[in-house]
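Asks: Sharing a structure with you now.
The values are calculated or read from the model by the stated rules, or taken from the named source; none is laboratory data. Note that this is a predicted model, so its numbers are computed, not measured. With ideal geometry, Cβ positions are generated from the backbone for all residues, glycine too; neighbour counts draw on all protein chains shown.
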Amino acid sequence: MFSALKGLTFDDVVLVPGYNGIKSRQLVTTDVTLKGRNFSLPIISSNMDTITEDGMANTIGGLGGMAILHRFLTIDQNVALFNKIQFKDATGISIGIGEDGLMRAEALVAAGASIICVDVAHGHSKEVNRTIKALRQKYHDNILIIAGNVATYAGADYLAAAGADAIKVGIGSGSVCTTRVKTGFGVPQLTALHDCRQVDRVLISDGGIRFPSDAVKALAAGADFVMLGGMLAGTDETPGQVLEGTREDGTKVKFKRFRGMASKEAQDDFMGGMADWKTAEGVAIEVPSRGPVKNVIQDLMGGIRSGMTYCGAATIKDLQRKAQFLEVTQAGRVEGSPHAVGRLTH
């Protein structure tokens, strides 16, 4: 009944240093090619309503990454939003399943979109398969199809067979996701990536990235891109107003709202409320304002480049080939994080 396999996530492992013949971390390349398109950054901003609209898409696209717009607005609003994007070739649009999703895709492809993300919480499903096949039949190879989410080899293989070019991996690993708490289902993200990498498709690691080290581990485990939600929350380019609140100690703080798309708050805004047969699988939180997103990306990319040189990897494919993972204990995790007891005062 129970599998003997162990599910591992980012905190459970470290990468073992190896020989480095690269003169400088400036010389590594983080380029990723996806169906003839080159991205200099292996980063995608998440298709959440509090993360990616035109401001985020223009910034991430300008930096060399990809952005995916959320779908929680009318089709006309979606088209108007897409028309504000400068880097259309680096911006994807999200759709759901069935006729509604195909109608949204038709309108946005007519507006110039060519990256379509079939976005469902549980992507290993018949309706996702049907939607991918319908897109492929209508647009042939003229569009790039991203589909997800899955967390197993079987799920990834199913989407690949349907015609997906890239696959989003991650169930229950997002910072504002409660799927595992509510349903008990999911796979720790490192193990999910390791299983899905057996499928010959571009993989997007969606969820669980909190530090640059997590991104390095995700790429080493088989991801071609990392999708960021929580890491980008609160930055200037995210949608929503900057609000002001007061901490318990009386200090004022500016913040933005960040929420999972399966949260009660999102369901209330976009679905007319939570149906009585459903439960929320996400939460809404307040995130302190964090300034320009480019600062977050710069820190993240610095960690990725440095991490690549620790095993002598000139490319992401080199990193995946050379990476050696070592499982660590709780004591090892503590040792590997800042743990100074205090500091002297002068």
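Asks: Can you list the helices (runs of 4 or more DSSP H) lying wholly within region 144-200 that have 2 or more residues being within 13 Å of the chain's Cα centre (by Cα)?
Replies: 189-196
Asks: Please go through region 208-247 and pick out each residue that is of a type in the set (Val, Ile, Thr) and part of a helix (DSSP H, G or I).
Replies: Val216
Asks: Could I ask something else about it? What are the pairs with Cβ atoms under 9 angstrom where one residue, in region 127-145, is within 15 Å of Ala113 (Cβ to Cβ) and the other, located anywhere, is crowded, with 17+ Cβ neighbours inside 10 Å and among the polar types (S, T, N, Q)? Sequence gap at least six, or different chains.
Replies: Tyr139/Ser114; Asn142/Ser114; Ile143/Ser114; Leu144/Ser114
Asks: Hey, another quick one. Would you check which residues across region 146-170 are crowded, with 24+ Cβ neighbours inside 10 Å and of a type in the set (A, V, I, L, M, F, W, C) and list them?
Replies: Hits for region 146-170 are Ile146, Ala147, Val150, Ala151, Ala156, Leu159, Ala164, Ala166, Ile167, Val169.
Asks: While we're on this one: Could you say which residue among Ser125, Ser205, Ser213 is among the hydroxyl-bearing types (Ser, Thr, Tyr), surrounded by fewer than 18 Cβ atoms within 10 Å (Cβ to Cβ), at pLDDT 95 or above and in contact with a helix residue (DSSP H, G or I) (Cβ under 9 Å, 6 or more places away or on another chain)?
Replies: Just one listed residue meets the conditions, Ser125.
Asks: State which residue is nearest to Phe325 (Cα to Cα) when the search covers only region 9-48 and only residues that are part of a loop (DSSP other than H, G, I, E, B) and of a type in the set (Gly, Ala, Ser).
Replies: Applying the filter and picking the extreme gives Gly18.
Asks: Further, regarding this structure: When you go through Met274, Met261, Met227 one by one, which is the residue that is surrounded by 23 or more Cβ atoms within 10 Å (Cβ to Cβ), modelled with pLDDT under 70 and of a type in the set (A, V, I, L, M)?
Replies: Unique residue meeting the criteria: Met261.
Asks: Within region 51-65, can one find any residue that is crowded, with 24+ Cβ neighbours inside 10 Å, over 22 Å from Gly291 (Cβ atoms) and in contact with a Gly (Cβ under 6 Å, 6 or more places away or on another chain)?
Replies: So far as region 51-65 goes, no, none of its residues is crowded, with 24+ Cβ neighbours inside 10 Å, over 22 Å from Gly291 (Cβ atoms) and in contact with a Gly (Cβ under 6 Å, 6 or more places away or on another chain).
Asks: Another one. I'm trying to understand the selection: among the residues of region 49-72, which are in a loop (DSSP other than H, G, I, E, B) and at negative phi?
Replies: Once the filter is applied, which keeps residues that are in a loop (DSSP other than H, G, I, E, B) and at negative phi, region 49-72 yields Asp49, Thr50, Ile51, Thr52, Glu53, Gly65, His70, Arg71, Phe72.
Asks: Of the conditions (1) modelled with pLDDT of 70 or more; (2) surrounded by 12 or more Cβ atoms within 10 Å (Cβ to Cβ), Ala331 satisfies every one except a single condition; which number is it?
Replies: (2) is the only condition that Ala331 fails.
Asks: On to the next question. Looking only at region 278-313, count every residue that is among the charged types (D, E, K, R) and not in a loop (DSSP other than H, G, I, E, B) and tell me the total.
Replies: Residues flagged as among the charged types (D, E, K, R) and not in a loop (DSSP other than H, G, I, E, B) within region 278-313 amount to 4.
Asks: Whether any residue in region 38-49 is farther than 29 Å from Gly172 by Cβ and touching a helix residue (DSSP H, G or I) at 6+ places or on another chain (Cβ under 9 Å) is what I want to check.
Replies: The answer is yes; a qualifying residue exists.
Asks: Only residues that are β-branched (Val, Ile, Thr), closer than 28 Å to Gln26 by Cα and part of a loop (DSSP other than H, G, I, E, B): list them for region 314-337, please.
Replies: Matches in region 314-337: Thr315 only.
Asks: Let me ask something else about it. Among the residues of region 83-115, how many are surrounded by fewer than 21 Cβ atoms within 10 Å (Cβ to Cβ) and farther than 16 Å from Phe39 by Cβ?
Replies: Total satisfying the criteria: 15.
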